[in-house]
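Beneath this line is the structure, given in structure tokens, with notes to follow.
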Amino acid sequence: MKQRLIFILLTSFWFHSSAVFAQEAAIDTVDVREKYGLRVGIDLSKPIKMLIEEDYQGLEVKADYRLYENIYLAAEIGNEQNVISQPNVTASAKGSYVKLGGDYNFYHNWTGMQNLIYIGLRYGFASFSTELEEYSIYDRNPYFEPDIRAEGREFNNLTAGWLEVKLGTKVEVLNNLYLGVHVELKKKINETKPGNFDNLYIPGFNRTYDGSSLGVGYGYSISYLIPLYRQ
């Protein structure tokens, strides 16, 4: 009886020790090194805006590459077309743009997490055309009907450049799949203006305003990380 009891105790101890060892081994084999690679995605705000605004069309593809622990190279390439109406003029703009720069992630992740709260800097460049669709002659006398003239005059080979500061976040919702949101503050550096009026819209820069070189923007993104190596 005593020998049987000792055998049962030894067997229980062996099973318990084996389970603990297997659990520790499984923990030790989990790779907690962070993933480095290329993340590619699209700006979801463009197709959403296309559903809301009849005169707007746009698409933006974005990518970033993790260069160091908190530093990412980043780029956006897009195409936009939009119509802007003011009290005395209506014009459309269409063209492509590219934005190049980098992001710095200042969020300290827990082990195994790779979310971002980042600040970024971009240089943006756009090549586009503008069409003056119609305008009205200013008249101080409201007695007469507005003198609206259809123009249909197109100005090609226009360019613009700007600096852009971006603040945003990217959250991993599934393995390697990220959702993000960001805001942008832009400072126009140079632009080619059409004759007799200003650019009302610059692809990538967004709406422009008289007497100001500043612009703003925002966006939502979905992106996928292609892991290349761990470190």
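Each reported figure results from applying straightforward, stated rules to the coordinates on display, with no laboratory input. Note that this is a predicted model, so its numbers are computed, not measured. Virtual Cβ from ideal backbone geometry, glycine too; neighbours counted across all protein chains shown.
Once the piece of chain linking residue 49 and residue 231 is laid out straight, how much longer is it, given 0.36 nm per residue of separation minus the C-alpha distance between them? Spell out each step's value before the answer.
On the way: separation 182, 0.36 × 182 = 65.52 nm, distance 3.92 nm.
My answer for the length gained is 61.6 nm.
Please give, to one decimal in nm, the separation of the simple spin-label points placed at residue 210 and residue 121, each 7 Å out from Cα toward the Cβ.
3.4 nm
Lysines within cross-link reach of residue 166: Cα-Cα under 22 Å, excluding same-chain residues under 8 positions apart?
46, 49, 62, 99, 186, 187, 188
If the cut-off is a Cα-Cα distance under 16 Å, which lysines reach residue 35, setting aside same-chain residues fewer than 8 apart in sequence?
Hits, sequence-local ones excluded: 170.
In the stretch 32-136, which trypsin sites (Lys or Arg not before Pro) are in a loop and have at most 14 other Cβ atoms within 10 Å, using DSSP for the loop call? Provide the component values of the computation, followed by the final result.
Details: sites: 33, 35, 39, 49, 62, 66, 94, 99, 122; in loops: 33.
Counting only loop positions with at most 14 other Cβ atoms within 10 Å, the trypsin sites (Lys or Arg not before Pro) in the stretch 32-136 are 33.
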